[in-house]
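Peer 1: Have a look at the structure that comes next, please.
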Amino acid sequence: MKFHLLVPLLLICCIACNSGDEQEAPASPVASTPAIQHSLLNAYPHNTDHFTEGLLIHDGKLFESTGSPSKGDRSIIGYYDLATGKFDTKIELKDPQYFGEGIVFLNNKLYQLTYKNQTGFIYDAKTFKQTGTFKFANKEGWGMTTDGQHLIMSDGTDGLTYLDPADQQPVKTLKVTENGIARDSLNELEYIKGYIYANIWLNNSIVKIDPANGQVIGKADLTALVLRASMKYPEAEALNGIAYDSVNDKLYVTGKNWPEIYQIRLSE
């Protein structure tokens, strides 16, 4: 009986408290990032030993770079035969002090970041022989992409650093925001049709960034793919890796130690 008596008493109190002349203004709606829908088109084998740091298409091949968080892991660069899952390794960082990170091809060169050494490596894009190194001021190196003119790198913060490919010196830093708030933890990057797409570290979404102002203008929730990867391989880790085939208009995503690479289509 106490429950039934309590309800009308609470209603009376609420009415009394709100019967004054002054009323609180309604709360402003919280801004939300426009959703980008995705559909799964194909699935291809992915090496579960690969701690994915970079993913891209070059000369029609799907390239991947990996890191080495544990003893026995390898920091390598190579490409997949999507039909068989066979991976052809072209580069390996033998020195254990280097943890391989993101990669990008530009002007017949292949650039590779390392995690904590503030060092990048430069290779010939055809022979994969190392031709140089470069230093960067960012505390860490994470993802890389290009707009065709600059090298663009992430470092786990809300900043994207544009580098001049001629001397690898910083040109500018683009601060990324989502609904007016700094969007940090930017990871692997891909430049697609004039926009920058980025993985968010330990997040199941990919964000679409307007390079003109750094604003996140869309977000794709790929939780369904994360769950699929985990069901097939329980040791699968974070979503990471975006590759766009501009010739055939195909988009691929994967994750660290995932069993599959997924071809998806995004629609807004």
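Peer 1: Those residues that are surrounded by fewer than 17 Cβ atoms within 10 Å (Cβ to Cβ) and not basic (Lys, Arg), I need them from region 136-164; list them, please.
Peer 2: Ala137, Asp147, Gly148, Gln149, Asp164
Peer 1: Only one of these conditions is not met by Arg228: (1) outside any strand (DSSP E or B); (2) in contact with a strand residue (DSSP E or B) (Cβ under 6 Å, 6 or more places away or on another chain). Which number is it?
Peer 2: (2)
Peer 1: Given the conditions (1) out of contact with any helix residue (DSSP H, G or I) (no Cβ under 9 Å at 6 or more places or on another chain); (2) touching a residue at least 24 places away in the same chain (Cβ under 8 Å), which single one is not true for Asn204?
Peer 2: Evaluating Asn204 over (1) out of contact with any helix residue (DSSP H, G or I) (no Cβ under 9 Å at 6 or more places or on another chain); (2) touching a residue at least 24 places away in the same chain (Cβ under 8 Å) leaves (1) as the failure.
Peer 1: Going residue by residue through region 183-190, is there one that turns out to be assigned to a loop (DSSP other than H, G, I, E, B), of a type in the set (D, E, K, R) and either touching a residue at least 12 places away in the same chain (Cβ under 8 Å) or closer than 30 Å to Thr133 by Cβ (or both)?
Peer 2: yes
Peer 1: Residues Gly148, Gly120, Gly102, Gly132: which one is in a loop (DSSP other than H, G, I, E, B) and of a type in the set (Gly, Ala, Ser)?
Peer 2: Testing whether each residue is in a loop (DSSP other than H, G, I, E, B) and of a type in the set (Gly, Ala, Ser) leaves just Gly148.
Peer 1: Related question: Looking at region 66-93, which of its residues are of a type in the set (Lys, Arg) and at pLDDT 95 or above?
Peer 2: Result: Arg74, Lys86, Lys90.
Peer 1: Can you find even one residue in region 191-199 that is more than 22 Å from Asp81 (Cβ to Cβ) and modelled with pLDDT under 95?
Peer 2: no
The values are calculated or read from the model by the stated rules, or taken from the named source; none is laboratory data. Model, not experiment: these values are computed from the prediction. Cβ sites come from the backbone with ideal geometry, for glycine too, and all protein chains shown count toward neighbours.
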